[in-house]
There are 2 protein chains.
Amino acid sequence: MNNNLLLEKQLCFRLYSLNKLMCRLYVPVLKELALTYPQYLVMMVLWQYKAGISVKDLGAQLDLDSGTLSPLLKRMEKQMLIKRERDSTDERVVLIKLTQKGVELQKSAEHIPAKMFVVTGLSPDKLQELNLTLDQLIDNLGD
Amino acid sequence: MNNNLLLEKQLCFRLYSLNKLMCRLYVPVLKELALTYPQYLVMMVLWQYKAGISVKDLGAQLDLDSGTLSPLLKRMEKQMLIKRERDSTDERVVLIKLTQKGVELQKSAEHIPAKMFVVTGLSPDKLQELNLTLDQLIDNLGD
DNA sequence: TATAATTACATTGCACACAATTAAATTGTG
DNA sequence: CACAATTTAATTGTGTGCAATGTAATTATA
């Protein structure tokens, strides 16, 4: 009887469970900003690229393709968080830019990282170590 | 300028990315078994509960609700991997049991954990340590 | 410079996740 | 026993992920 196929033994199941748990913990926090979890990730990129970023580059940062991003960005545009405009120098490119509302939302988000850190219950050292291990793993699994 | 909202600093983004990377690595492996990733997780539980398990208990193991499991299990039933039958002692309960095909699929899956371990590129010790840290985190975030 | 190949994005279809609601069966209580 | 509360699944609707395909714009090549 092979017992390697037990759920509890799988790293993949831990990552799957943790990702879901993490998302759920963000839900009430992000509800105040009227953002979903993936939308929050998009906003973090946009707050970093205030001049605007192409859908392609945004997808590279988040590791998402246009099949995911196109409808997601449309919903965010409907919420007036972003604008979408064609790059005049290359009409294939769609540039994503924050609206004033999108820029201002950053202020309401600045407390989130510290808040979520507390929830993890990890010491700063332990978190740092975990982040390094996960980065190594991401690199190993990397595309 | 607050830089805590950088994607690279977020534990949540690492978990989000790793979960996706992991799923993608399983796809070609699971394709041979004609299983999706969540279906594989369900199968692991069922290979452990050969006598059958209720949808509720299955959901408790996987941390999934009936909104996810009901359609997923129907698809697995259509593939003849499982049977679904009402518990005669409590008609509210639906018992999930493997078909012969479902039982036999385990043989084709037994090579997967070792195969995926190699892909992680982690030493056994490092994997063990990571698993412990993740378990602690799951516990801290836990329901 | 035609046209073939590539690039960037959108669209379609399928499979999760999950909140909210519904429906049926069972249990608890007066 | 009657009836309210609880339990278990199924259903509905929304929002991702992602493969596959379509389309328009740009670039490369004969």
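Brief remarks on what is shown
- Per residue, the convex hull spanned by the Cα atoms of the protein assembly as shown amounts to 159 cubic angstrom.
- Residue-averaged beta-carbon neighbours from other chains (10 angstrom radius) around A:122-129: 2
- For chain A: relative contact order, % (alpha-carbon pairs under 8 angstrom, 6 or more apart): 18 percent
- Phi angles of region A:36-47 translate, via the Karplus equation with coefficients 6.51, -1.76, 1.60 and θ = phi - 60°, into HN-Hα couplings of 8, 4, x, 5, 4, 4, 4, 4, 4, 5, 5, 5 Hz per residue; Gly and Pro are given as x.
- Its Cα centre serving as origin, chain A has a Cβ charge dipole (Lys and Arg +1, Asp and Glu -1) of approximately 660 debye.
- Theoretical gain in end-to-end length, B:Ala114 to B:Arg75 [0.36 nm per residue, Cα-Cα removed]: 11.3 nm
- Descending semi-axes in whole angstrom, ellipsoid equivalent of region B:23-92, from the Cα gyration tensor: 23, 13, 11
- Across all directions, the shadow cast by the convex hull of chain A built on its C-alpha atoms averages 11.4 square nanometres.
- Other-chain or far-sequence residues with amide H under 5 Å of A:Ser54's (modelled H): A:Ile96
- Note on region B:71-118: the C-alpha convex hull projects to 4.6 nm² when averaged across all orientations.
- Springs between Cα atoms under 10 Å define the GNM used for chain A, and in it the highest mean-square fluctuation of A:Tyr37, A:Tyr16, A:Tyr49 occurs at A:Tyr16.
- Helix-only [θ]222 nm of chain B, DSSP H runs n ≥ 4, -39500 (n - 2.57) each, per residue, nearest 500: -20000 deg cm²/dmol
- Distance (nanometres) between label positions extended 7 Å along Cα→Cβ at A:Lys50 and A:Glu8: 5.1 nm
Just so you know, all these numbers are worked out from the coordinates, no wet-lab data involved. Values in this document were obtained by computation on a predicted structure and should not be read as measured data. In this analysis, Cβ positions are derived from the backbone assuming ideal geometry, glycine residues included, and neighbour counts consider all displayed protein chains.
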